[in-house]
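K.L.:
Quick one: this structure, given as structure tokens, is what I'll be asking you about.
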Amino acid sequence: MTVDTLAAEAPSTDADTPDALVPSVDSATPESTPAPDAPVEDKPKKAPAKKAAAKKTKTLELTLTVTGTADGEWHAELKQGSTYLARGLAVAAAAVSRAAKELHEDLSTPIDEVIEAAREQQAAKVAALEAELEAARKALADLED
């Protein structure tokens, strides 16, 4: 198989088109337009910049469970995954309140409400026991006469 190739001819300077619309061969810069007879050079393509590997933060998951009773007794347990690190620790209500305040206001408000309700219940229990104790002392005093 044979292929006939024609040599590229230089553009003629005799043109009907004004120079403003068609740039002349002389005004073209060698960097921007290759000469018609010059071989076309393949510019090496730049490899896309590799993104730095995202640094994965290792997550440590601990579960702290704090349980309180109406009597004001609080207990805590700490768990990592399915393993208990601490279990059944007695914790003071004041310590629970302080810890919640340190963590976040949205945690401390409901916890403080629960602690306050337990405090009121205990105060009522103390008042009832004091009244019962006073009645028992009076009954004892009546028996001694």
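K.L.:
Based on other C-beta atoms within 10 Å, arrange 138, 58, 101 from fewest to most.
P.N.:
Ascending Cβ contact count within 10 Å gives the list 58, 138, 101.
K.L.:
Defining a contact as two alpha carbons under 8 Å apart and six or more residues distant in sequence, what relative contact order in percent does region 64-144 show?
P.N.:
Over region 64-144, the number comes to 22 percent.
K.L.:
In nm, what is the difference between 0.36 nm times the number of residues separating residue 86 and residue 70 and their Cα-Cα distance?
P.N.:
Full extension of this stretch gives 3.5 nm more.
All of the numbers you see were taken from the coordinates with simple rules; none came from a lab. For clarity, every value in this text was computed on a predicted model and none was experimentally measured. Because the Cβ atoms are built from the backbone with ideal geometry, glycine has one as well, and the counts that use them run over all protein chains shown.
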